[in-house]
Structure formats: C-alpha cells, structure tokens
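Asker: Below is a structure I'd like to ask you about.
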C-alpha cells in the first residue's frame, strides 16, 4: 500500500469531503494522512471524526488517518497532494449576488460560474486563491493540486497566474452525466447496455460550457444515433413523464436545453442544463419563469443550499455524538483514480481543467480550458482535441474576455474592469449601462467586506 499525505483545504466541506473519504475507504492501494484545514475549525474536526469512523468500518479497505491542521502551513508541509474545496465568502453574500439580480429580470440557475454571480464570486475568490497559491509555493511546491471550487476556470487560472510552476488541474463531474445520456442512446439504438465510462468522447471548452464533437463505443459511432435521439425527445425531454422534471430538483432537469442546442448547432453540450443556460444569451432560455418552466429546469435557490448545509451539519453532529452511523459508498468521482495514476499505480484518461497548451487550437493559449488528459506517473498531459465548433467557440471567447477583465481588475486593484465585465456577460448584455451600474453598485455594497484588496472603482 502506497502511503501519502493529502492536504484538504476546505476540509470542513459537507459534500466533497465525505465523498472523498468514502472513496478513500474503498481504495485498497492507498493510505496515509489527510490533513483537514478549514477556517471553520469545528467543521474540519467533525469531518476528521467522520473520516476516522469510516476507516474503522469492517468494509473499509483503505488505511487513512484524518487530522485537523490549525494553519495552511501545517496542512501543506510534506503534502504530496492538495485538494481545494472552499466556499468563497458565505451563503449570505451568495444570496445577494444570485437573487438581487432578479429585480432586473435576471434569473440565475446555479450562480457560481458565469453571469453576475460568477463575476462577483470571482472577485471574492481571487484574493483567497492568491493566499492559497502562495502557501502552496512556500510549503508544498511539488505537490499536485486538485481544485473542486467554482468558478472552476477562474480558480485554476488564478492558481497559475500567482504560481506559474504549480502542478494544478480542476475537476468537474458534469461530463460524466452526458456520458450516461450517451450510454442510454447506445442502449436504445443498439440494445447494448454498457457502463457510461466506456463511452469515448472528445470534450472541449471551458468548465460548465464543454462540448462533445466525437462519441464512440468500440466500432459504434454514437453521433448519428444521438441525432435520431434528439429528434425523438426534443419536445418532451428525457424524463418518462411530463411533470417528472419537477421532482428531480433542485439540481435536475429534463435536458431539453441540451437537446435543443444540438438541434440547432449539431454539437453535444456536455454540462447540465442549469449550467448551460447561464452561458447563453438571456433571451434564449432564461427570459422569465414561463420560459424556464417550458424548458424544464430548476433555479437552485441559495436557501436550498443553506438547508443542505444545515442538514450536513446536523448529520455531522449526530455522528460526532455517536447517534448516527457513517456509511461508505463510491462517489463516482475521479479524484482517487487521478491520484493513483499520478503515483504510477495505473493510467487514466479523463476530463480536466488546465491551461491551454494548444489542446483547443482556436482558443487563447494559456487560458484554462477543459479537455481530456492522460494521467501517468507525475504527469498530466492534455490531449490535443482540435478546434471547437464555431457556435460554442464564439461564446466561449466572450467568456474568456470576462475572465481576463476580472484578472485585470485584480491585478490593477480596480473594480471598474469588473464593472466592464458585467456589461459584456451574455445574460446582462441586453441591459442598459444605467441598469448595469445600478446592479453592480448594489451588489458590491453587499459583498464589500470581502473586497478590501480592491482600491479603486468601488462606487461610481
């Protein structure tokens, strides 16, 4: 068994940490220490108890010890791998940058990647990630860094901008969901019932706006099958009954947006509908609740996230106090498999977010993009994926411009560049400059305690 140290920044996570610990418990080839660091120390302490309880279960195969670190330095020292899963700010700030925009008719389905929410969340995140990147540079410069935080693209971009030699990549499971849809396509069209991860795809784009122009299984080309599939389900979506989409919330949908985009542009969107609509012009899918209902996806309210957090806290307290048993089960995530491959125990091809070295030939070099990559011992090599199709490439470049403006706002300590970015965004560009300024100033006022880095451009 290979023994390693993992530093988990955001180790009080109610979701990702438990998923990771469950996968570790089921992995027989790895063991060692996981140092949990979180600004909410009690949450990390509770997760340490949960993790150690998992390792004590008879079905656990891993050999891990979970500890709590009191500082980034303590967590990172001697770490072989660093995992980052934090909430930039709190849900109270998120409530403002997700829901205050509704008075301008802007509904945000997820609120953590693009749109006004992605912009304001990015402004909060960048100072935090500079601290994290510099700490990694000082205490664990050779460690591999796995990021799970959103806005994924800008988080990973910030790590590289601050510490260019960092060995970092971002993980997202959205692509796995479209592979499951493609597995269903193959089953309905050929009768073959195969695991989704056996479907070979060519994802390319930026996180949550990733596209697939090639999908196969052995000798089967799934793309023409998908064309027939779209024609069959375009008007009704992929759930069995008309109202089923109402019961898969708050994170589900009927995938009608995904089907509609293929119907128009002949390329498969590889993210959930809730993410996709935030990247696209406001009038397409987000122009009011009737249009949202017609396309059968949900608005994930911040209060829903708070309720989930509270239930996670209550569960952690019950486990801590011996009133609830922990369970272990595969999460379906690739994190542990990636670590095994980087240690040389196996090889793996999966989708990751890394700087563009030419793997997407018609997007800017150096900007973080999402494609497949080959994992081997101490190596992650992006797979050359070719050009994005014209439609998604055009919109992707506009979002990259937003990222560049946000980073300029950070470097120049000037929020006027972020104000400019808000006006460029796909879901806001139909608003007038007066409306953009009013929205910007109102939300900045609510999140200002997290913006001490910025010296100029706070109020116009």
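Every number in this text was worked out from the coordinates using simple rules, so none of it is lab data. The model shown is predicted, which means the values in this text are computed figures rather than measured ones. So basically every Cβ, Gly included, is an ideal-geometry build from the backbone, and we count neighbours across all protein chains shown.
Asker: Evaluate Rg over Rh across region 108-185, taking Cα atoms for both radii and Kirkwood's formula for Rh.
Answerer: Working: Rg = 14.9 Å, Rh = 13.8 Å.
Ratio of gyration radius to Kirkwood radius: 1.08.
Asker: Show me, bin by bin at 5 Å from 0, the whole-percent P(r) of region 381-446 based on Cα pairs.
Answerer: Pair shares across the bins are 4, 16, 19, 20, 16, 10, 8, 4, 3, 0.
Asker: Turning to a different aspect of this structure: Compute the FRET efficiency between residue 74 and residue 301 as 1/(1 + (r/R0)^6), taking r as their Cβ-Cβ distance and R0 = 41 Å, and round to the nearest 0.05.
Answerer: About 0.65, to the nearest 0.05.
Asker: Please work out the FRET efficiency for the pair residue 362 and residue 429, using the Cβ-Cβ distance as r and a Förster radius of 25 Å; give the result to the nearest 0.05.
Answerer: 0.65
Asker: In Å, what Kirkwood hydrodynamic radius results for region 244-347 from the alpha-carbon pair distances?
Answerer: With all distinct Cα pairs of region 244-347 included, I get 17.2 Å.
Asker: If I histogram all Cα-Cα distances within region 188-305 using bins 5 Å wide from 0, what percent of pairs lands in each bin?
Answerer: Cα pair-distance distribution for region 188-305, in percent: 2, 10, 19, 22, 21, 14, 7, 3, 1, 0.
Asker: On to the next question. Could you tell me the convex hull volume per residue, in Å³, taken over the Cα atoms of region 349-396?
Answerer: Details: hull volume 3.2 nm³, N = 48.
Spelled out: Cα convex hull of region 349-396, divided by residues, is 66 Å³.
Asker: Quick one: length gained pulling residue 293 to residue 214 fully straight, 0.36 nm per residue minus the C-alpha distance?
Answerer: Full extension from residue 293 to residue 214 adds 25.4 nm.
Asker: Right, here's the next one. Pop the C-beta distance of residue 42 and residue 231 into the FRET formula with R0 = 51 Å and round what comes out to the nearest 0.05. Please list the in-between numbers first.
Answerer: Numbers: r = 53 Å, r/R0 = 1.05.
It comes to 0.45.
Asker: Given 37 °C and 0.692 mPa s, how large is the Stokes-Einstein diffusion coefficient of region 173-252 in µm²/s, with Rh as the Kirkwood radius over Cα pairs? Walk me through the numbers before you get to the answer.
Answerer: On the way: Rh = 13.7 Å.
Here the translational diffusion coefficient equals 240 µm²/s.
Asker: May I ask you to work out the translational diffusion coefficient for the chain at 4 °C, viscosity 1.567 mPa s, via Stokes-Einstein with Rh from the Kirkwood sum over Cα pairs, reported in whole µm²/s?
Answerer: 57 µm²/s
Asker: At q = 0.09, 0.15 Å⁻¹, what log₁₀ I(q)/I(0) does a Debye calculation on the Cα points of region 1-114 give, no solvent, two decimals?
Answerer: -0.31, -0.68
Asker: Additional query: Mind pulling the per residue volume of the convex hull built on the Cα atoms of region 46-186? Å³ is fine.
Answerer: Output value, Cα hull per residue: 174 Å³.
Asker: At 0.36 nm per residue, minus the direct Cα-Cα distance, what do residue 438 and residue 189 gain on full extension? Give it in nm, one decimal, please.
Answerer: Details: separation 249, 0.36 × 249 = 89.64 nm, distance 5.20 nm.
Gain on stretching residue 438 to residue 189: 84.4 nm.
Asker: Here is a follow-up. Only helical DSSP H runs with n ≥ 4 go in: add -39500 (n - 2.57) per run for the chain, normalise by residue count and round the 222 nm mean residue ellipticity to 500 deg cm²/dmol.
Answerer: -14000 deg cm²/dmol, from helical runs alone.
Asker: Order of 294-301, 8-15, 260-267 by packing, highest average Cβ count within 10 Å first?
Answerer: Packing order, densest peptide first, comes out as 8-15, 294-301, 260-267.
Asker: Compute the distribution of all C-alpha to C-alpha distances in region 267-418, in bins of 10 Å from 0, and list the percent of pairs in each, rounded to whole numbers.
Answerer: For region 267-418, the pair-distance distribution reads 9, 21, 27, 30, 12, 1.
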